[in-house]
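The values are calculated or read from the model by the stated rules, or taken from the named source; none is laboratory data. Quick caveat, the model's predicted, so the values are computed rather than measured. Methodologically, a virtual Cβ is constructed for each residue, glycine included, from the backbone with ideal geometry; neighbour enumeration extends over all protein chains shown.
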Amino acid sequence: QVHLVESGGGLVQAGGSLRLSCAASGTIFSINVIAWFRQAPGKQRELVAAVNSDGETNLADSVKGRFTISRDSGKNTGYLQMNSLKPEDTGVYYCTVRLPGVRSAYWGQGTQVTVSS
């Protein structure tokens, strides 16, 4: 069993920054992919950023140049640095991890990010 705990969400003014963390615990030998999704009110959940075990990253066009995803494999932790935040970045941010040989991803409970204009 794998447990994810997200932290770092909150309320920030437009133009501000937040850093989200995702700590994974449990029976983990390695993590293939750490990803962040977000869901705004009334909208579908969307992929924000992902990083694989080689450090290769993928970011949504809407956050390129503003967000950075990283990971600390030794700590089984992922990070999402969010700069130049916009009101449209508001939503619940979820961390997911994919483990080798496991079909389904594990999901965290989510952390609220609210950006005021």
Checklist entry - Name the residues in segment 28-39 that are small (Gly, Ala, Ser) and modelled with pLDDT of 95 or more, would you? => result Ala35
Item to check | Selection status of Ile69, in contact with a helix residue (DSSP H, G or I) (Cβ under 9 Å, 6 or more places away or on another chain) and among the β-branched types (Val, Ile, Thr) | outcome: no
Next on the checklist: Looking at segment 10-27, can you tell me whether even one residue there is at pLDDT below 95 and within 15 Å of the chain's Cα centre (by Cα)?
Outcome noted: no
Next on the checklist: Out of Ser84, Ser104, I need the residue that is free of Cβ contacts under 8 Å to residues at least 60 places away in the same chain and among the hydroxyl-bearing types (Ser, Thr, Tyr). Which one?
Outcome noted: Ser104
Checklist entry - Which condition number does Arg38 fail, the rest of (1) free of Cβ contacts under 8 Å to residues at least 60 places away in the same chain; (2) within 12 Å of Asp89 (Cα to Cα) being met? => result (1)
Checklist entry - Do we have any residue at all in segment 30-39 that's basic (Lys, Arg) and over 12 Å from the mean Cα position of the chain (by Cα)? => result no
